[in-house]
Structure formats: structure tokens, C-alpha cells
Amino acid sequence: MIQSEFAKAAEQNATRLESQLGDALDRERSLIEQAQAADVEKQRFAEQLEMAVKSTATAEGGKAGLRHEAVEAKRQATSFESERDAARSEVERLQSTIEQDA
């Protein structure tokens, strides 16, 4: 009878341990799935970050290009103003000459 009680207790312990092992395996699978999902999310984030960095670099390059174009446009405007002023001076000089000759 004592052996029977020991056998029954051992069977109960084995059943409990098997259940605990099953629970532990389920938790392990769940953690593995979570880790895999985290890896996928990390990869997606890395790709988004890379795209953002490229986009920022492109925007910075565009800003630099626009700054250069603005400086060039201002230089040309200044040059055109100088040419206009020179042309006005020439017109005024010619008008003065015509008036003096008349």
C-alpha cells in the first residue's frame, strides 16, 4: 500500500512536471514569436530610418541647390541693374548731346 501511495504520488508529480514543462514550452514558443516579431519591426524601423536619412540628405542637397540658385539670381539681378543704370546714363548722355547739338 505504501508503494502504491508512492507510485500514485510519483505519477502525480510526473503529471504536474509534464504540465509545467508544457507551459514552459508554450512560453518559450511565445517568446520566440515575440522576438521574431520584434526583429521584423526592428528591420522595418531601420528601413524607415534609412529612407528618412536619405530624404533628409536629398532635402539638404535641394536646399543647398536652391541657396546657390538664389545667390546666382541675386548676382544676375545686380548685374542687370548695373547694365540698366549704364544704359540710362548712356541715354541721358545722348539726349544731352542731342539737345546741345540742336
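The values are calculated or read from the model by the stated rules, or taken from the named source; none is laboratory data. On a predicted model such as this, the values are computed, not experimentally measured, just so you know. FYI the Cβ positions are ideal-geometry reconstructions off the backbone, even for glycines, and counts take in every protein chain you see. For the accessible areas, the whole protein counts, side chains as well, though only heavy atoms, and no ligand, DNA or RNA atoms are used. Shrake-Rupley method; radii C 1.70, N 1.55, O 1.52, S 1.80 Å.
Worth a mention:
- Val91 paired with Ala35, simple spin-label distance in nm, labels 7 Å along Cα-to-beta-carbon: 8.3 nm
- Debye, to nearest 20: dipole size of the chain, +1 on Lys, Arg Cβ, -1 on Asp, Glu Cβ: 200 debye
- Accessible area of the chain belonging to carbon and sulfur atoms, whole % at 1.4 Å probe: 58 percent
- Working note: Karplus 6.51/-1.76/1.60 with θ = phi - 60° gives the range 87-93 the couplings 5, 4, 4, 5, 4, 4, 5 Hz, where Gly and Pro are set to x.
- A simple rule links phi to the HN-Hα coupling: the Karplus curve 6.51 cos²θ - 1.76 cosθ + 1.60 with θ = phi - 60°, which for the range 30-42 gives 4, 5, 5, 4, 5, 5, 5, 5, 5, 5, 4, 5, 4 Hz, with x for Gly and Pro.
- Distance between the modelled labels on Leu66 and Ser19, one decimal in nanometres: 6.8 nm (7 Å Cα→Cβ projection).
- At a probe radius of 1.4 angstrom, the accessible area of the chain per residue rounds to 91 square angstrom.
- Net length gained if the chain between Glu28 and Glu11 were fully extended (0.36 nm per residue, minus Cα distance): 3.6 nm
- Farthest toward positive dipole pole in the chain [+1 Lys/Arg, -1 Asp/Glu at C-beta], among Ala87, Ala14, Ser55: Ala14
- Over the residues of the chain, the helix contribution to mean residue ellipticity at 222 nm works out to -37500 deg cm²/dmol, using -39500 (n - 2.57) for each DSSP H run of at least 4.
- Working value for the chain: equivalent-ellipsoid semi-axes of 96, 6, 5 Å, each the square root of 5 times a Cα gyration tensor eigenvalue, largest first.
- In sequence order, the range 43-49 has phi-based couplings of 5, 4, 4, 4, 5, 5, 5 Hz under the Karplus curve 6.51 cos²θ - 1.76 cosθ + 1.60, θ = phi - 60°, and Gly or Pro positions carry x.
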